[in-house]
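Here is the structure we will look at, set down as structure tokens.
The values are calculated or read from the model by the stated rules, or taken from the named source; none is laboratory data. Everything numeric here is computed off the predicted structure, so don't read it as measured data. Neighbour counts are summed over all protein chains in view; Cβ atoms, including those assigned to glycine, are modelled from backbone coordinates with ideal geometry. Just so you know, the surface numbers come from the protein's heavy atoms only, side chains and all, with ligands and any DNA or RNA stripped out. Shrake-Rupley method; radii C 1.70, N 1.55, O 1.52, S 1.80 Å.
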Amino acid sequence: MNRKNSKIDVLIIGGGLAGLSSAIHLAKHEYSVLVIEKNKYPKHKVCGEYISNEVLPYLNYLDIDVFKLGAKKIDKFQLSTTKSKLISTILPLGGFGISRFCLDEALARKAMDNNVVIIQDTVEDVQFDNDQFTVITKNQKHFKSKMVIGAYGKRSNIDIKLKRQFIKNKSPYLAVKMHVKGDFPEDLVALHNFEGGYCGVSKVENDSINLCYIANFKVFKTYKNIEEFQRKVVFKNTYLKNIFSRTIPVFEHPLTISQISFEDKKPLENHILMCGDTAALIHPLCGNGMSMAIRSAQIASALIIKFFNSEISTREALEKQYLREWNTAFKSRLKTGHMMANLFDQPKLSEILMKGLQWFPGVLPYIIKRTHGKLMQIE
């Protein structure tokens with residue numbers, strides 16, 4: 001793989017949850033797989049770090065035991081409004097909390113154990129011609145591949161090269177993530193709203209508490225720094241104020257990312273099968289983006305294997321099938337996510353919604369089911 005021109009079966013751009021899950025899946029079927037990832041492992045990432053139990057059968061198939069890694073079992077959910085009105089329920093399927101620092105590293109090690117090659121580099125361009133891809137990196141390496149999976153995250157220069165529509169528009173959102181130490185139930189994931197945003201709270205391995213919030217960037221930039229914004233905006237939610245004030249930071253500085261886009265993306269671009277956040281980003285309010293990334297990896301990998309085995313006869317048929325299965329798995333989730341985010345973005349409407357949920361408590365588990373999938377089946 002160190003040669004200037006190398007040919008492999010599947011090249012995966014991005015070594016996060018979706019990219020590494022696909023790499024392990026394909027390598028288990030003895031295909032040569034190359035992952036190009038710009039970062040070193042392990043690395044903390046801005047992420048809610050709660051995952052629905054729907055992915056457990058597939059992770060077991062990939063030989064990843066999250067509970068041996070220290071994941072916390074979660075079966076309770078709390079939701080509060082900007083005025084600190086709280087509602088609690090049981091998660092229908094349950095989930096677990098684990099950091100990206102831990103899970104990404106475990107997946108990367110498992111991928112390499114299965115002969116996946118992972119190189120640290122940045123993809124600059126992807127060209128498709130004569131039924132094959134040429135991938136060019138920042139370090140001027142050229143790779144030939146029959147298939148390419150795009151799993152490089154929320155946004156990248158590749159999106160500009162591909163002229164993807166969403167990349168042309170600025171997004172008004174900023175996300176902030178930190179780990180803290182303190183008291184918080186291991187079996188609970190909470191989503192607390194504040195003006196212009198919301199914060200997810202759950203425990204991960206090593207008894208750390210993950211705090212990850214998303215906020216309107218226009219509102220955020222009117223304050224001098226993160227501390228002032230939290231004090232004057234985030235802490236108006238009394239639950240968040242209590243959590244932040246009674247815990248001790250683990251990180252020297254919070255992690256931040258900007259330009260987060262919830263606009264529609266296409267799961268297929270220039271014959272590249274897009275997975276995870278590269279294909280679509282569900283509102284963090286729904287707390288299920290990690291599960292979607294892993295599920296999309298399974299869909300792409302299974303169809304690529306069928307294509308290589310001639311069960312799917314043409315690339316066109318493969319791409320149409322991927323779009324069908326992707327939409328079946330995620331279109332409804334994304335629609336519900338957009339709807340819930342829009343409701344909670346309007347304080348008066350969110351208060352009315354909370355009253356309705358208190359009167360009809362069975363509605364909240366139903367909404368949660370709409371943003372989560374069923375237990376993944378192993379083909």
Practice prompt. Could you tell me whether any residue of the stretch 156-176 is charged (D, E, K, R) and modelled with pLDDT of 95 or more?
Written response: no
Worksheet item: If you go through the stretch 334-342 one residue at a time, do you hit one that is closer than 22 Å to L34 by Cα and free of Cβ contacts under 8 Å to residues at least 12 places away in the same chain?
Response: no
Worksheet item: In the stretch 295-309, what residues are under 15 Å from N327 (Cα atoms) and touching a strand residue (DSSP E or B) at 6+ places or on another chain (Cβ under 9 Å)?
Response: S296, A297, I299, A300, L303
Response to the item:
Looking across the stretch 329-379 at residues that are hydroxyl-bearing (S, T, Y) and under 15 Å from I282 (Cα atoms), the single one that is surrounded by the fewest Cβ atoms within 10 Å (Cβ to Cβ) is S332
Item to complete: Looking only at the stretch 219-227, decide whether some residue is on the phi > 0 side of the Ramachandran plot and surrounded by 15 or more Cβ atoms within 10 Å (Cβ to Cβ).
Response: no
Discussion item. Residues that are in a helix (DSSP H, G or I) and at pLDDT 80 or above: does the stretch 345-360 have at least one?
Written reply: yes
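Okay, residues lined up against (1) under 30 Å from K335 (Cα atoms); (2) of a type in the set (D, E); (3) part of a loop (DSSP other than H, G, I, E, B):
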residue: V219; (1), (2), (3): yes, no, no
residue: Q230; (1), (2), (3): yes, no, no
residue: F251; (1), (2), (3): no, no, yes
residue: K266; (1), (2), (3): yes, no, yes
Discussion item. Return the residues of the stretch 65-110 that are assigned to a loop (DSSP other than H, G, I, E, B) and either out of contact with any helix residue (DSSP H, G or I) (no Cβ under 7 Å at 6 or more places or on another chain) or modelled with pLDDT under 95 (or both); say none if nothing qualifies.
Written reply: D65, F67, K68, T81, T82, K83, S84, K85
Worksheet entry | Meets criteria (surrounded by fewer than 19 Cβ atoms within 10 Å (Cβ to Cβ) and in contact with a Pro (Cβ under 7 Å, 6 or more places away or on another chain)) for L323 | yes
Discussion item. Considering only residues that are of a type outside the set (S, T, Y), open to solvent by 20 Å² or more (accessible area, probe 1.4 Å) and farther than 15 Å from E186 by Cα, which ones fall in the stretch 54-68?
Written reply: L56, P57, N60, D63, D65, K68
Practice prompt. Please go through the stretch 305-320 and pick out each residue that is under 23 Å from the mean Cα position of the chain (by Cα) and open to solvent by 60 Å² or more (accessible area, probe 1.4 Å).
Written response: none
Practice prompt. Starting from residues that are open to solvent by less than 40 Å² (accessible area, probe 1.4 Å), out of contact with any Leu (no Cβ under 6 Å at 6 or more places or on another chain) and modelled with pLDDT under 95, keep the ones in the stretch 235-275 and report whichever is farthest from H44 (Cα to Cα).
Written response: K265
Fill in: Filtered residues of the stretch 172-218 (kept if closer than 22 Å to R155 by Cβ, without any contact (Cβ under 8 Å) to a residue 60 or more places away in the chain and open to solvent by 40 Å² or more (accessible area, probe 1.4 Å))
P172, N216, F217, K218
Worksheet item: What about K154, is it surrounded by fewer than 23 Cβ atoms within 10 Å (Cβ to Cβ) and within 18 Å of the chain's Cα centre (by Cα)?
Response: yes
Practice prompt. Look at V126 and say whether it is open to solvent by 40 Å² or more (accessible area, probe 1.4 Å), of a type in the set (A, V, I, L, M, F, W, C) and within 20 Å of S32 (Cα to Cα).
Written response: no
Worksheet entry | Residues of the stretch 138-151 classified as among the hydrophobic types (A, V, I, L, M, F, W, C) and either surrounded by fewer than 19 Cβ atoms within 10 Å (Cβ to Cβ) or assigned to a loop (DSSP other than H, G, I, E, B) (or both), total | 1
Worksheet entry | Restricting the stretch 82-103 to residues that are under 20 Å from G70 (Cβ atoms) and out of contact with any Phe, Trp or Tyr (no Cβ under 6 Å at 6 or more places or on another chain), the residue that is most open to solvent (accessible area, probe 1.4 Å) | F101
